[in-house]
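The structure appears below as structure tokens.
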Amino acid sequence: MPTSKSTIAFQGRKAAREGSEQRRLAILHAALRIVAREGVRGVRHRAVATEAGVPLSATTYYFKDIHDLLADAFTLYAKESMEGFIDPFWSRANLWLSAYPEKVRQHPDQLGEVLEHLAAMGADYVAMRVSTLRDNIIMDHAFRYAAMTDARMHALAIQHDQRLLGNFIRLLQYLGANEVELAARSLIGAVRRLEYEGMLSAVGEFTHERVRHAMHHQLRAMLLI
């Protein structure tokens, strides 16, 4: 069950030298920090330049307008998210699943074990995001909100979602689910809902066991078992 790989293209001016590329990335990371604090509306050339510690002329050199800056910030967020924790998660899941039969649905005893482990892995992933990557959850929400009204951001959000969706589809195909794309979209929605619950819950309310149980229930419901 291989993970989905795709090339992500940036929109702004390309850097010709390594030092120039480091400055461009510093500007984009500064924009991401502002998004996490203030949302996309806080991203302005002057604010980003101040956050990055570069002259205002540097931001306008690499990004002709605020739309290019936001689009490349979202692209960087998506790229680093995939490479930093999403792709590694699926690599670990695929490695573990490789020990089980290809048609695990035909082996009820092993299917139950697989579902329990996947639920625990899902709970670990959500707990990690809520405890150590809260800014990423906020950025994800902020960019998706912006994508509702900005055509360029909308296209980037769809591209990012397609990569996420592909991994969930392959997992549910392996598990033998029906209507795998619909089930995959529902599972992604469940993961996001749990992340939002974790962000809003009081200390001690959002437990690993609670998330594991919710993930296990969702997986069984999709397999109609």
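For the structure I just gave you, tell me whether Val114 is within 30 Å of Gly39 (Cβ to Cβ), of a type outside the set (D, E, K, R) and modelled with pLDDT of 95 or more. No; evaluated as a whole, the condition is false for this residue. Among all positions in region 144-155, there is no residue which is within 23 Å of Glu83 (Cα to Cα), under 13 Å from the mean Cα position of the chain (by Cα) and crowded, with 18+ Cβ neighbours inside 10 Å. Check region 172-185 and report whether any residue there is among the aliphatic types (A, V, I, L, M) and touching a Ser or Thr at 6+ places or on another chain (Cβ under 9 Å). Taking every residue of region 172-185 in turn, none turns out to be among the aliphatic types (A, V, I, L, M) and touching a Ser or Thr at 6+ places or on another chain (Cβ under 9 Å).
Criterion applied to Gln218, Gln162 was being surrounded by fewer than 14 Cβ atoms within 10 Å (Cβ to Cβ) and farther than 26 Å from Arg37 by Cβ, and the one residue passing it is Gln162.
Whenever a residue of region 79-94 is free of Cβ contacts under 8 Å to residues at least 60 places away in the same chain, its partners that are crowded, with 16+ Cβ neighbours inside 10 Å and not in a helix (DSSP H, G or I), lying with C-beta atoms within less than 8 angstrom and at least six residues away or across chains, give the pairs Phe85/Leu133. Of all residues in region 34-60, those that are surrounded by fewer than 19 Cβ atoms within 10 Å (Cβ to Cβ), on the phi < 0 side of the Ramachandran plot and in a loop (DSSP other than H, G, I, E, B) total 3. Do we find that Ile169 is aliphatic (A, V, I, L, M), within 17 Å of the chain's Cα centre (by Cα), in the same structural domain as Leu194 (by TED's automatic domain parsing) and surrounded by 18 or more Cβ atoms within 10 Å (Cβ to Cβ) in this structure? In short, yes. Under the condition of being hydroxyl-bearing (Ser, Thr, Tyr) and within 10 Å of the chain's Cα centre (by Cα), which residue from region 69-96 is nearest to Arg163 (Cα to Cα)? Among those residues, the one meeting the criterion is Ser81.
The values are calculated or read from the model by the stated rules, or taken from the named source; none is laboratory data. Treat the numbers as computed from the prediction; the structure is a model and nothing was measured. Methodologically, a virtual Cβ is constructed for each residue, glycine included, from the backbone with ideal geometry; neighbour enumeration extends over all protein chains shown.
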